[in-house]
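One structure is given below, encoded as structure tokens.
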Amino acid sequence: MALWSAARVIVAHGTEDDPIFFFGNDVALRAFEMSGAQFTALPSRLSAEPSQRQERQRLLDHVARDGFMADYAGIRVSASGRRFRIEGAIVWNLIDEAGAVHGQAATFDRWKNLE
């Protein structure tokens with residue numbers, strides 16, 4: 001319940017070839033203008049515009065290699081097409097007790113609409 005009601009965006013995607021979000025808290029769903037069902041069916045790459053996807057992939061590759069990244073900034077897009085810039089994001093690998101990676105998660109509490 002604490003993650004769901006946190007006053008910041010918290011999202012996570014899995015390890016599929018084209019990772020799909022499996023969690024987005026209430027603030028995330030409002031920021032991306034989606035229902036929980038819509039969000040958890042969304043390939044995470046689609047949270048960024050096509051022109052931003054290569055930068056997003058570099059971020060995820062860095063996190064996969066180094067375990068996390070702090071203070072990330074980038075542009076994302078909501079279901080309605082509204083573009084917003086996230087700032088100060090922290091992205092990390094989701095790792096269980098045995099060291100197996102189950103995906104990546106991100107959190108941020110600063111964003112501004114670009115349109």
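Here are some notes:
- All positions within segment 49-68 that are surrounded by 15 or more Cβ atoms within 10 Å (Cβ to Cβ) and not basic (K, R): Q52, L59, L60, V63
- Yes/no for F32 being surrounded by fewer than 17 Cβ atoms within 10 Å (Cβ to Cβ), touching a Phe, Trp or Tyr at 6+ places or on another chain (Cβ under 7 Å) and over 18 Å from E16 (Cα atoms): no
- Some residue of segment 1-22 being closer than 14 Å to W111 by Cβ and exposed (fewer than 12 other Cβ atoms within 10 Å of the Cβ): yes
- The set of residues from segment 69-101 being surrounded by fewer than 14 Cβ atoms within 10 Å (Cβ to Cβ) and touching a residue at least 40 places away in the same chain (Cβ under 8 Å) comprises S80, V101.
- Residue count for segment 36-48 under the criterion of being more than 13 Å from the chain's Cα centre (by Cα) and either surrounded by 14 or more Cβ atoms within 10 Å (Cβ to Cβ) or under 14 Å from V11 (Cβ atoms) (or both): the result is 3.
- The conditions of being in contact (Cβ under 8 Å) with a residue 12 or more places away in the chain, closer than 19 Å to R110 by Cβ and either polar (S, T, N, Q) or touching a helix residue (DSSP H, G or I) at 6+ places or on another chain (Cβ under 8 Å) (or both) are not met by V27.
- Once segment 80-115 is narrowed to residues that are hydrophobic (A, V, I, L, M, F, W, C) and over 14 Å from the mean Cα position of the chain (by Cα), the residue that is farthest from R45 (Cα to Cα) is A98.
- Test: residue in segment 60-68 that is among the β-branched types (V, I, T), modelled with pLDDT of 95 or more and more than 14 Å from F32 (Cβ to Cβ): yes
- From the list E33, E87, E97, the lone residue that is acidic (D, E), at pLDDT 95 or above and touching a Ser or Thr at 6+ places or on another chain (Cβ under 7 Å) is E33.
The values are calculated or read from the model by the stated rules, or taken from the named source; none is laboratory data. From a predicted model like this one, the values you see are computed outputs, not experimental measurements. We place every Cβ from the backbone using ideal geometry, glycine too, and count neighbours over all the protein chains shown.
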